[in-house]
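Please treat every number below as a calculation from the coordinates, not as lab data. Treat the numbers as computed from the prediction; the structure is a model and nothing was measured. Ideal geometry is used to build each Cβ from the backbone, glycine not excepted, and the neighbour counts take in all protein chains shown.
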Amino acid sequence: MDEREWLRLNRENWDDRVRVHAESAFYDLPGFRAGADPLRAVEVAEMGDVAGLRLLHLQCHMGQDTLAWARRGAEVTGVDFSAAAVEVARGLAEEEGLAERARFVVSDVYAAREALEGERFDAVYTGGGSLVWLPDLTRWAAVVADSLRPGGFVYLAEFHPVTDMLDEAGERVVGDYFDTSPGREDHPYTYTDGPELERTVSVQWRHPLGEVVSALAGAGLRIDFLRERPTTMFQRFTALERGAAGEFAFPAGRPSVPLMYAVRAVRE
């Protein structure tokens, strides 16, 4: 499948997801408008103080995380290939009085440098569930590195690839960790609550952890840290339990695996 085909399928799928996500309890846009913070505390701590920074958010979807960084004082630019998602994001920025500190651009990741006319940033942020939509991480990392000014950093928080190996309970290995072949998916529902999709087909890729770190290092970035975590943002497996902070983890007393990870790297 060539790039035009998978990009078309994925864009149509995500354009369709927007109408579902915008009304979902999962994204809770009314709560966001009322001041709810969608960012995870550990990500805020690991990103550090962003006040006064120029921040680029790749694959920003409807812009809630992007605007949460703007609420913390950053000047933000969100990029997403779904025009429907960007329309929602721009509306939120206007409603929340953040339009002067937040802009949103329609572009796929690989074309972002051209869409942003070579502009550079103090920080690049990418949240969970982003890399699975990209076939070539070397190309992605080159975009990230070229988007940063010297001394700028990228922060990536992602779902751990080990989770793709396990069954629905999270108890048995049923998948090949090193299988990076494209997967054509056809699902009537997205990962949130809500009605069925009309554009149900998407194409996704798995990326082992070593591939992610090597791509960033190969783009000339210095790795500050790689941190694996035993918690995740949703009920990934039936065996997970929700903790007091709202994150999900395996029950105490039973073996665990990494469910998410975070990487921070600097352009020197």
Could you work out how much longer the chain between Asp49 and Glu268 gets when fully extended? Use 0.36 nm per residue separation minus the Cα distance between them, nm to one decimal. 76.9 nm
So, by mean Cβ neighbours within 10 angstrom, what's the order for 62-68, 255-261 with the highest one leading? 62-68, 255-261
What are the ³J(HN,Hα) values, in whole Hz, obtained from phi via the Karplus relation 6.51 cos²θ - 1.76 cosθ + 1.60 with θ = phi - 60°, for each residue of region 100-117 in sequence order, with x given for Gly and Pro? 6, 10, 9, 10, 10, 10, 8, 5, 6, 4, 5, 9, 5, 5, 5, 4, 9, 6
Given H placed on each backbone N at 1.01 Å, which residues far from Asp167 in sequence or on other chains put an amide H within less than 5 Å of it? Arg172, Val174
So, in Å, what gap is there between the alpha-carbon centers of region 1-73 and region 164-188? 25 Å
Dividing the alpha-carbon radius of gyration of region 3-267 by 2.2 N^0.38 Å, where N counts its residues, gives 0.97
Provide the net charge surrounding Met62, with neighbours chosen by a C-beta distance below 13 Å and charges set as Lys +1, Arg +1, Asp -1, Glu -1. -4
So what is the relative contact order of region 3-267, in percent, for Cα pairs below 8 Å that sit 6 or more residues apart? 18 percent
Stretchable slack from Asp176 to Arg101, in nm (0.36 nm times residue separation minus alpha-carbon distance): 22.6 nm
Using only alpha carbon pairs under 8 Å that are at least six residues apart, calculate the relative contact order of region 115-204 and give it in whole percent. 25 percent
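What 222 nm value per residue comes from the helices of the chain, counting each DSSP H run with n ≥ 4 as -39,500 (n - 2.57) and dividing by all residues, nearest 500 deg cm²/dmol?
-8500 deg cm²/dmol
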Report the extension gain between Glu198 and Arg71 in nm, rounded to one decimal, defined as 0.36 nm multiplied by the number of residues separating them, less their alpha carbon distance. 42.3 nm
Ordering of 224-230, 52-58, 234-240 by packing [mean C-beta count within 10 Å, highest first]: 52-58, 234-240, 224-230
Amide H of Ala74: which non-local residues (sequence gap of 5 or more, or other chain) have their own amide H closer than 5 Å, using H built in the peptide plane? Gly52
